[in-house]
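Visitor: Structure incoming, see below.
The values are calculated or read from the model by the stated rules, or taken from the named source; none is laboratory data. Everything numeric in this text was worked out from a predicted model, so none of it was measured. As a convention, Cβ positions derive from the backbone with ideal geometry for all residues, glycine included, and neighbour counts pool all protein chains shown. Side chains are part of the model used for accessible areas, which takes the heavy atoms of the whole protein and leaves out ligands, DNA and RNA. Shrake-Rupley method; radii C 1.70, N 1.55, O 1.52, S 1.80 Å.
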Amino acid sequence: MVNGVGFVKSCFKDRADAIEEFALRSEGFRDLCDDFEIANNEEVRWQQSTAPERDERLSEYRELIDSMRTEIEQSLDRAAVIPFKPPRR
């Protein structure tokens, strides 16, 4: 079974608590974490490949991983926004 949340926590150690908390609330974020782990695993697989398309695939996976890393960070930043409470009367 894919455990993308654990993988993402290992990549963003300083935000592990926020990742855990947000993953409990958001299926979409859990899916993003799973996809991020899969993309990283594929990058490793292509690094070991001798196939002629190796460099092209590595470039594609690195671009995808960078994009997903940004999306994870932005998701965590948005989730950390504390809503304003109306003033007490």
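Visitor: Mind checking the per residue accessible area of the chain for me, 1.4 Å probe, whole number of Å²?
Guide: That works out to 75 Å² for each residue.
Visitor: I would also like to ask the following. Magnitude of the Cβ-charge dipole of the stretch 4-80, K/R +1 and D/E -1, about the Cα centre, nearest 20 debye? Spell out each step's value before the answer.
Guide: On the way: 11 positive and 20 negative charges, 43 e Å.
Computed charge dipole of the stretch 4-80: roughly 200 debye.
Visitor: Give me the angle, in degrees from 0 to 90, between the Cα long axis of helix 16-25 and the longest principal axis of the Cα atoms of the chain, rounded to the nearest 10.
Guide: Tilt relative to the chain: about 80 degrees.
Visitor: To test your reading of the geometry: what angle, between 0 and 90 degrees and rounded to tens, separates the Cα axis of helix 27-47 from the longest principal axis of the chain?
Guide: Taking Cα atoms only, the helix is inclined about 20 degrees.
Visitor: Tally up the carbon and sulfur contribution to the accessible surface of the stretch 4-80 as a whole percent, 1.4 Å probe, everything protein left in place.
Guide: 44
Visitor: Select from Q47, S75, V8 the residue farthest towards the positive end of the dipole of the chain; place +1 on Cβ of Lys and Arg, -1 on Cβ of Asp and Glu, and compute about the Cα centre.
Guide: S75
Visitor: Nearest 10 degrees is fine. How inclined is helix 54-79 to the longest principal axis of the chain, computing both from alpha carbons?
Guide: 10
Visitor: Between [x] 12.8, 45; [y] 20.8, 67; [z] 16.6, 70, which matches Rg and Dmax of the Cα atoms in Å calculated for the structure shown?
Guide: Derived directly from the coordinates: [z].
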